[in-house]
Amino acid sequence: MIIDPVCGLPLTEPKEEYKAEVRGKTYNFCGEYCKHVFLHGNRIAYFSMEIGLEKDFHTYSGGLGVLAGDVIKSSADLKIPLVGVTLVSTKGYLKQEIRDGKQIDHPDDWTPSQYISELPKQVELKIENRPVKVKAWIYDYQSPRGSLVSVLFLDTDVEGNTPEDREITSFLYGGDREYRLKQEIVLGIGGVKMLKAADFNIGKYHMNEGHSSLLTLELLRNNGKEVDAVRDLCIFTTHTPVAAGHDKFSYDLVQRLLGNVVPLETLKAHGGQDQLNMTRLALNTSKYVNGVAKRHQEFSLTLFPGYNISTVTNGVHSFTWTCDSFRRLYNQYLPGWANEPELMVRVECIPDEEIWLAHMEAKEQLMQFVRERSGEQFDPNVLTLGFARRATGYKRATLLFSNLKRLEDINKRVGKVQVIYAGKAHPDDWMGKRLIEEINEMKEYLKDVMKIIYLENYDMEMASKLTSGVDVWLNTPLPPFEASGTSGMKAAHNGVINFSVLDGWWVEGCIEGITGWAIGPDPEENLEEAERRHREITQLYDKLEYLIIPKFYRNRDDWIHMMKNSVGKVAYYFNSHRMMRRYTTEAYL
């Protein structure tokens with residue numbers, strides 16, 4: 001069926017006068033208005049180093065990229081005129097193998113030509129004063145409602161480039177500081193050039209994290225170096241709550257690779273005097289700036305005092321992250337939920353037994369998935385905890401094992417628990433890799449007491465299985481390092497209950513004993529770090545022993561009531577439709 005890419009209407013008899021050949025593709029429209037909007041209307045250019053749209057596109061490493069993918073999907077559903085810009089990352093992030101309890105890194109190649117089309121036009125920029133050609137692949141994400149959002153994947157693997165330059169867009173977050181800066185030159189400056197070459201009319205530029213903030217230099221060059229004119233065009237979302245996480249480059253390196261796109265004095269005035277801070281550059285050249293949770297916004301103001309930083313708390317794409325059994329339930333009892341997730345507030349109209357049956361269907365599918373991937377047999381009748389996210393130190397994946405004697409006692413005396421882990425460590429993150437080893441050591445140590453598995457090669461497909469099939473979603477970050485987090489939001493869409501440290505989004509989502517449980521004190525409590533850690537560990541075990549396990553095994557009605565609260569008081573709000581409506585009314589218009 002042919003569908004109008006703007007309004008989403010099906011076209012039974014497309015008319016020749018409402019057809020357009022653009023960017024190597026043919027599009028059909030219902031009339032002159034939609035054709036004009038598609039060809040000449042202003043769009044929001046959404047720049048992100050990674051965008052996770054499909055599991056076969058290895059262009060994401062974790063939460064930032066998956067969030068960007070959800071931005072694209074919600075924008076298409078809501079008919080927001082967006083176009084995405086990212087890198088093609090043909091060798092991916094990494095393919096993870098767990099061998100003898102240790103992570104082994106492999107390239108995660110993918111072939112864009114199997115899935116997406118190459119744009120007919122190329123652009124050229126300069127790196128180290130030599131010309132570097134950039135091509136782009138285009139993917140049209142089409143919403144089930146018909147409208148579409150295009151995504152450009154920038155690629156320097158172009159004939160005529162040096163072998164070194166052909167590799168710039170190969171590895172996501174790979175290489176040294178020089179390699180990273182080259183990637184950010186291609187993303188920011190190359191992205192602006194490619195949008196113009198591809199005849200996109202851009203009204204605003206939205207930088208998802210500071211990786212793309214060099215686009216402001218290209219805009220300065222195009223706007224007579226008028227900073228106010230550039231500021232009117234730019235939106236910046238910061239995700240990193242610690243100073244060390246913001247990309248910084250020496251000006252010697254910047255000048256060697258970038259030359260004088262703008263005078264050095266101008267660059268220092270907006271990007272920092274000592275070194276180029278990509279976040280500071282974005283802050284100084286954007287009219288609208290936001291953090292990704294209320295707690296994150298508050299902490300960002302301590303890192304960058306004096307700036308006007310708003311808050312748009314993250315969300316997830318409801319339809320994507322709701323499993324089949326719950327989709328069927330929502331379709332029956334909450335028609336229209338996928339495009340109006342706020343309808344999930346009415347979850348009470350769904351009978352308890354149907355909620356439980358839908359959950360057990362998802363849980364059985366997860367158990368089967370675990371069997372197929374690992375050969376391990378997990379019992380669907382046992383309380384199952386899920387912990388899946390990037391393997392790095394501040395996520396504290398091993399906090400559950402802080403007191404092994406008590407954990408063993410709880411399992412033997414109160415009720416059985418089983419745990420499913422997953423997540424990749426960056427190739428250079430030795431601490432993250434060590435955490436994976438420790439979890440596998442705990443698996444062996446506790447094998448006669450409780451079942452533990454660490455699934456290898458975490459990806460979007462596995463994330464969907466885990467966030468819908470476990471009973472409790474465990475999250476134990478070290479505050480204030482969790483800017484937002486989104487995996488618990490995915491879990492809530494499937495009636496899974498969150499058990500998390502009060503950081504990131506959970507500060508807003510947690511109503512103790514109603515929507516889930518908190519681990520540790522409120523972030524506003526003024527405590528010594530040692531006391532804070534003590535209370536976290538104590539509450540982790542106390543709530544498992546006295547609240548969570550007894551409720552799961554001996555009070556099913558109350559458990560299902562909390563599952564419904566997870567849907568009706570959490571998922572109804574923490575979704576990307578609400579997020580994108582906020583961006584549209586507060587930043588885009």
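Taking packing as the residue-averaged number of other Cβ atoms within 10 angstrom, the listed peptides 569-578, 352-361 run from highest to lowest as 569-578, 352-361.
Would you mind calculating the gained length between R554 and N222 on full extension (0.36 nm times residue separation, minus the Cα-Cα distance), in nm to one decimal? If you can, show how the numbers build up before the last one.
On the way: separation 332, 0.36 × 332 = 119.52 nm, distance 6.65 nm.
Value of the extension gain: 112.9 nm.
Measuring from centroid to centroid over Cα atoms, what is the spacing of the range 540-561 and the range 406-446 in Å? Each part's Cα centre sits 22 Å from the other's. One Cα centroid belongs to the range 355-374, the other to the range 26-90; the line between them spans 32 Å.
Could the peptides 262-270, 71-79 be put in order, highest first, of the mean number of other beta-carbon atoms found within 10 Å of their residues?
Numbers: 262-270: 14.9, 71-79: 24.1.
Averaged packing, sorted descending, gives the order 71-79, 262-270.
Annotation for Q142 and E16: the two label points, set 7 Å from Cα along the Cα-Cβ direction, are 2.4 nm apart. Net charge near A198: determine it from the other residues with C-beta under 14 Å of the C-beta of A198, scoring Lys and Arg +1 and Asp and Glu -1. Net local charge, A198 excluded: +2.
Determine the sum of side-chain charges near L215: Lys and Arg each +1, Asp and Glu each -1, restricted to other residues whose C-beta is under 10 angstrom from that of L215. Write out the running numbers ahead of the final one.
Numbers: positive: K193; negative: E184, E218.
Spelling it out: positives minus negatives among the neighbours equals -1.
Its DSSP H runs of at least 4 residues, each contributing -39,500 (n - 2.57), put the calculated 222 nm mean residue ellipticity of the chain at -10500 deg cm²/dmol, to the nearest 500.
Residue-wise HN-Hα couplings along the range 402-416, as the Karplus relation 6.51 cos²θ - 1.76 cosθ + 1.60 with θ = phi - 60° gives them from phi, are 5, 10, 5, 4, 5, 4, 5, 4, 4, 5, 7, 9, 9, x, 5 Hz; Gly and Pro carry x. Rg then Dmax, both in Å and based on the Cα atoms of the range 189-308: 14.1, 41. Taking the square roots of 5 times each eigenvalue of the Cα gyration tensor of the chain, largest first, gives ellipsoid semi-axes of 40, 28, 23 Å. A protection proxy built from the mean count of other Cβ atoms within 10 Å ranks the segments 464-473, 251-260, most packed first, as 464-473, 251-260.
No value in this document is a laboratory result; all are computed from the given coordinates. Quick caveat, the model's predicted, so the values are computed rather than measured. Positions of Cβ are backbone-derived with ideal geometry, glycine not excepted, and every protein chain shown enters the neighbour counts.
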